[in-house]
Amino acid sequence: MKNNAIDTAPFTDIFSSTFLLGNVGAPFVIGMAVGYFAKKMVRTALFLIGAAVTLLFVSEYYGIAEISDAQLQNAATAATDVAKSSGDFLIKRLSSITSKGVSGTAGFFAGFKLG
């Protein structure tokens, strides 16, 4: 026969408000804020990059500038690499907020989805 007080004691500690707020709630909210901001910044950067590329195409059409496809692809590859390293940095930093790191990372992805 099991002792119910001993069996349920760990669950009451895990689900207490102080534990959840400090280890799950706050890192999740921080991660969500960072993810939301990151998504908005990515969208803004893509808008500005798209405008710049369009201006380059228009200037090429009117003979003001000359653009090769290889240079354009190299610039896009470099920008993609920078975005990947920034994303990896944010995930690594958010996962170090708590001991497990799951809450901050989950908040980041939730915020990125919402943004």
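What follows is calculated from the coordinates using simple rules that are stated; it is not laboratory data. These numbers were taken from a predicted model, which means no experiment stands behind them. Neighbour counts run over all protein chains shown; Cβ positions are idealised from the backbone, glycine included.
Length gained on full extension, Q73 to F47: 7.6 nm, using 0.36 nm per residue less the C-alpha separation.
Normalised by the number of residues in the range 23-115, the average gap of Cα pairs under 8 Å and 6 or more apart makes the relative contact order 66 percent. Protection proxy ranking of 63-70, 36-43, by the mean of other Cβ atoms within 10 Å over each peptide's residues and highest first, is 36-43, 63-70. Quick query: amide H of I97 versus all other amide H atoms, modeled in the peptide plane; which residues come in under 5 Å with a sequence gap of 5 or more or a different chain? Here the answer is none, since no amide H 5 or more places off falls under 5 Å of that of I97. Shown in residue order for the range 88-94 are the 3J(HN,Hα) couplings computed by the Karplus curve 6.51 cos²θ - 1.76 cosθ + 1.60 at θ = phi - 60°: 5, 4, 4, 5, 5, 5, 5 Hz (x for Gly and Pro).
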